[in-house]
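Just passing along the structure, written as structure tokens.
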Amino acid sequence: MPSTVNPSLIDDLVVANHILVNEGVLDGFGHISVRHDKDPNLFFIARSMAPALVTHDDILCCNLEGEVIDQLGRHSYVERFIHSEIFKLRADIHSVIHSHSPAIIPFGVTAQRLRPICHMSGFLGSSTPVYEIRDSIGESSDLLIRSQALGHDLAKVLGPNAVALLRGHGNVCVGESIKQSVFRAIYTENNAKLQLQSQNLGEITYLTPEESVATSKMNDQHLDRPWQMWKRRAQN
Ligand code: MN
């Protein structure tokens with residue numbers, strides 16, 4: 001691992017793995033990455049393993065081609081190209097989460113779009129695009145983002161948004177920091193549950209685009225508060 005990286009970034013990445021499992025976003029699968037604080041062409045991610053068990057020694061450094069550069073015989077996740085291609089296309093993004101968090105799945109397989117239903121999920125904005133892997137490689141894939149080409153297609157569909165769904169598979173949440181991507185991943189799952197509940201009661205009043213921007217801006221000023229709580233909860 002390049003010695004110049006800020007060690008607290010790796011500390012936070014390890015903790016984020018545990019938080020995301022503890023809060024029901026990740027299970028035995030899924031991953032979170034963070035861009036190198038000194039070299040934007042590198043990022044850190046765990047070796048291929050269950051996120052709940054990740055320690056400092058399991059963190060690898062990858063380049064934007066998705067190659068592990070300090071491999072020591074270890075391998076990262078097959079779907080690391082989700083991270084490398086989003087980091088390549090989005091200079092503003094410093095952390096990427098790919099999960100299969102369950103409540104979001106229905107919105108990737110129906111015409112019902114995931115939309116911001118409350119002030120904690122304004123970052124969803126007016127659009128949560130769905131990536132259809134069949135558009136890239138036809139109808140017989142295993143749905144995994146196994147190549148740079150698939151990662152690129154997904155990153156294009158994500159566009160400038162905070163969240164994109166992968167049809168029949170999961171989602172990606174991106175942020176300018178680990179704290180922001182973790183916040184977004186947890187509240188995206190939360191929003192999906194609330195939306196599923198609300199639609200049984202009748203027509204839903206969603207946030208307006210202006211409310212989405214204003215609430216998102218407000219929450220970004222308080223990312224540390226829930227982070228400290230989630231961290232404590234994950235460590236107990
Ligand atoms: Mn996956």
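The values are calculated or read from the model by the stated rules, or taken from the named source; none is laboratory data. Here the structure is a predicted model, which means the values were calculated and not measured. So basically every Cβ, Gly included, is an ideal-geometry build from the backbone, and we count neighbours across all protein chains shown. The accessibility values were calculated without ligands, DNA or RNA, using every heavy atom of the protein model including side chains. Shrake-Rupley method; radii C 1.70, N 1.55, O 1.52, S 1.80 Å.
What is the one condition in (1) over 18 Å from Phe29 (Cα atoms); (2) polar (S, T, N, Q); (3) within 15 Å of the ligand (Cβ to nearest atom); (4) in contact (Cβ under 8 Å) with a residue 12 or more places away in the chain that Thr128 does not satisfy?
Status for Thr128: all satisfied but (3).
So, in the range 161-209, exactly how many residues are away from the ligand (no atom under 16 Å from the Cβ) and not hydroxyl-bearing (Ser, Thr, Tyr)?
The qualifying residues number 27.
Right, something else. Go through Val21, Val25 for me and flag whichever is in contact with a helix residue (DSSP H, G or I) (Cβ under 6 Å, 6 or more places away or on another chain), in a loop (DSSP other than H, G, I, E, B) and either within 16 Å of the ligand (Cβ to nearest atom) or open to solvent by 70 Å² or more (accessible area, probe 1.4 Å) (or both).
So the residue among Val21, Val25 that is in contact with a helix residue (DSSP H, G or I) (Cβ under 6 Å, 6 or more places away or on another chain), in a loop (DSSP other than H, G, I, E, B) and either within 16 Å of the ligand (Cβ to nearest atom) or open to solvent by 70 Å² or more (accessible area, probe 1.4 Å) (or both) is Val25.
Mind checking which helices (runs of 4 or more DSSP H) fall wholly inside the range 138-236 and carry at least 2 residues that are closer than 27 Å to Gln112 by Cα?
Values: elements: 148-158, 178-198, 209-220, 224-235.
Result: 148-158, 178-198, 209-220.
List pairs: first residue in the range 208-236 and of a type in the set (Gly, Ala, Ser), second residue surrounded by 12 or more Cβ atoms within 10 Å (Cβ to Cβ) anywhere in the structure, Cβ distance under 6 angstrom, at least six positions apart or on different chains.
Pairs found: Ser212/Pro116; Ser212/Gly122; Ser212/Gly125; Ser216/Gly122; Ser216/Phe123; Ala234/His18; Ala234/Ile19; Ala234/Asn22.
Here is a further query. Can you pull out the residues in the range 137-146 that are more than 16 Å from Ser99 (Cβ to Cβ) and either without any contact (Cβ under 8 Å) to a residue 12 or more places away in the chain or open to solvent by less than 40 Å² (accessible area, probe 1.4 Å) (or both)? Before the answer, list the steps.
Step one: of the range 137-146, the residues more than 16 Å from Ser99 (Cβ to Cβ) are 137-142, 146.
Result: Gly138, Glu139, Ser140, Ser141, Asp142.
How many of the residues in the range 64-88 are among the aliphatic types (A, V, I, L, M) and surrounded by 18 or more Cβ atoms within 10 Å (Cβ to Cβ)?
Number satisfying all stated conditions: 3.
So for the range 184-195 (the condition being among the basic types (Lys, Arg) and crowded, with 21+ Cβ neighbours inside 10 Å), does at least one residue qualify?
Yes, the range 184-195 contains at least one residue that is among the basic types (Lys, Arg) and crowded, with 21+ Cβ neighbours inside 10 Å.
Let me ask something else. Quick check: is even one residue across the range 68-84 in contact with a Ser or Thr (Cβ under 7 Å, 6 or more places away or on another chain), away from the ligand (no atom under 16 Å from the Cβ) and either over 21 Å from Gly170 (Cα atoms) or at pLDDT 95 or above (or both)?
yes
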